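Comments concern the structure below.
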Amino acid sequence: MRVMLVTNPFATFTTPAGRDTLANTLSARYDVDVEHTTHRGHAGELGARAAAQGYDAVVVHGGDGTVNEVVNGILGAPDRPDSVDPARLPALGVIPGGSANVFARALGIDRDPIVATAQLIALLDQGSRRPISLGHTLNRWFLFNAGMGMDAIVVRRMEDKRRRGKKATAQRYFFTTVSSFFSSSVNPPAFTVSVPDHEPIEGVRFGFVSNTGPWTYFGTRPISTNPGTDFDHGLGVFAATSVGVLRNIMLGSQLLTGSDDPKAAHLFRRDDVDWVRFTGSEPADVQMDGDYLGKHAQMEFGCRRDVLHVAAAKKAPEAV
């Protein structure tokens, strides 16, 4: 089996020793080419090369952003002609190395890189390739979620902190989220959310589009905005018409306690939709898979079924 190992040396929880151990372990079983990312977009270039050169699998050791880049490289832009058989492209394997590792954990991959490596080897040896659906917007694929409004503001503020040398810990995300809701200077513009077979939802202040669940994790605790959304169906929508602190504390408590049916008077939520449209009169902050994408006034989200093959069990157990 010919495998490309893509590692991000700048990921939050990777070390030189850990990367060397992973490379040596995989090389003992497969024909492995090791590639270290050196710049933004490099992981995407490597994913495209792996697809063009016929690798059997691409294993990514890094955070969600690195995995997202590799996937976009393997598949190419969503607007390309839909003529490539996903089974002929490299299978994707993930060894967590970031702070949240939402995608890997949603696939049932353990957070511990050593345990995850053993899982991955077993899956590759068994030929376990699971087809999954992906979302797309702005002519890019997203793996687990995208959002407009408050969550994107939190991502932007977190990226500012990381540039100042602070680590992206679960606690820092939590306090950044809380401070954003309490700050009078944070006031995301309203926009309209449209989905099939429903009247448009006006005055939305923040909205999430999910490709799977959970939406994210707080340490070991999954935060599920759309518990009925998974890799085998359409998109999930979670749209709130208020950024009021009291209203969202009540909603947030449901998410933190693992409610399987989050509800609020200011919340619209739906699973398994084919498309979602966000439209505003002024640009709002946007994020995709935890990567800040700037401000946009209009966003169209779609979903393509069974577009990527991943090294994972058929039905993933919950990873903690």
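Scan the range 6-32 residue by residue and report those that are aromatic (F, W, Y) and either out of contact with any Lys or Arg (no Cβ under 8 Å at 6 or more places or on another chain) or open to solvent by 80 Å² or more (accessible area, probe 1.4 Å) (or both). Within the range 6-32, F10, F13 qualify.
Restricting the search to the range 33-67, which residues are in a helix (DSSP H, G or I) and either of a type in the set (V, I, T) or open to solvent by 10 Å² or more (accessible area, probe 1.4 Å) (or both)?
Keep residues of the range 33-67 that are in a helix (DSSP H, G or I), which gives 42-52, 64-67.
Residues satisfying the conditions are H42, G44, E45, A48, R49, A51, A52, D64, G65, T66, V67.
When the strands (runs of 3 or more DSSP E) confined to the range 98-188 are screened for residues that are more than 21 Å from D291 (Cβ to Cβ), those reaching at least 1 such residues are found at 129-137.
Residues in the range 61-77 that are touching an Asp or Glu at 6+ places or on another chain (Cβ under 9 Å) and of a type in the set (A, V, I, L, M): V67 only. You will find that of T241, T212, T176, the residue that is over 28 Å from H309 (Cα atoms) and open to solvent by less than 10 Å² (accessible area, probe 1.4 Å) is T176 and no other.
The values are calculated or read from the model by the stated rules, or taken from the named source; none is laboratory data. All values reported here derive from a predicted model rather than from experimental measurement. When we count neighbours, we look across all protein chains shown, and the Cβ atoms used for this are built from the backbone with ideal geometry, even at glycine. SASA here: full protein model, heavy atoms, side chains in, ligands and nucleic acids out. Shrake-Rupley method; radii C 1.70, N 1.55, O 1.52, S 1.80 Å.
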